[in-house]
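The values are calculated or read from the model by the stated rules, or taken from the named source; none is laboratory data. As the structure is a prediction and not an experimental result, all values here were calculated from the model. Reconstructed Cβ throughout: ideal geometry from the backbone, glycine too, with neighbour counts over all protein chains shown. Just so you know, the surface numbers come from the protein's heavy atoms only, side chains and all, with ligands and any DNA or RNA stripped out. Shrake-Rupley method; radii C 1.70, N 1.55, O 1.52, S 1.80 Å.
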Amino acid sequence: MIETVDIRSLTVAGIAHRCGKETHRFFLRQDYDPRYCFDLFRRAIVEGNQEAHGCLYTQYLPLVSGWVERHPAFPATGEEIDFFVNRPSRSSGAR
């Protein structure tokens, strides 16, 4: 059940904490509320909030690192995981 919380009233740290809890619930295949993570992304991208961006990085670093490490071509690259995790996407205009 989704509780009624005014997300806009929460601090970035509060949103990040709830995003982490809800993400944990998601991976346990339990009921979860995605609003907190969506709002963290909104604050980072739409509002350009650097604190929210840092929280997103911290929240999703283990997940993205796992994707990179498990990719079958990763060992042949000779690169560290951080090279791929921190690289801007091609669609962002940075090359």
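One table, with the values for the structure above:
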| quantity | calculated |
| --- | --- |
| Of Val12, Val46, Val85, the one that fluctuates the most in a GNM where the chain has Cα springs shorter than 10 Å | Val46 |
| Estimated FRET transfer efficiency (Ala13, Arg87; beta-carbon r; R0 30 Å; 0.05) | 0.65 |
| Apportionment of accessible area to carbon and sulfur, the chain, percent (1.4 Å) | 58 percent |
| Estimated 222 nm signal from helices in the chain, with DSSP H stretches of n ≥ 4 weighted -39500 (n - 2.57), rounded to 500 | -18500 deg cm²/dmol |
| Rg/Rh for the chain, where both radii come from Cα atoms and Rh is the Kirkwood radius | 1.04 |
| Longest site-free stretch - the chain; sites: GluC sites (Glu not before Pro), DSSP loop, at most 14 other Cβ within 10 Å | 4-46 |
| Heavy-atom accessible area per residue - the chain, 1.4 Å, Å² | 75 Å² |
| Within region 1-74, trypsin sites (Lys or Arg not before Pro) in DSSP loop having at most 11 other beta-carbon neighbours inside 10 Å | Arg29 |
| Paramagnetic reach from Arg70 (point 7 Å along Cα→Cβ, amide N under 18 Å) across region 1-43 | 23-30 |
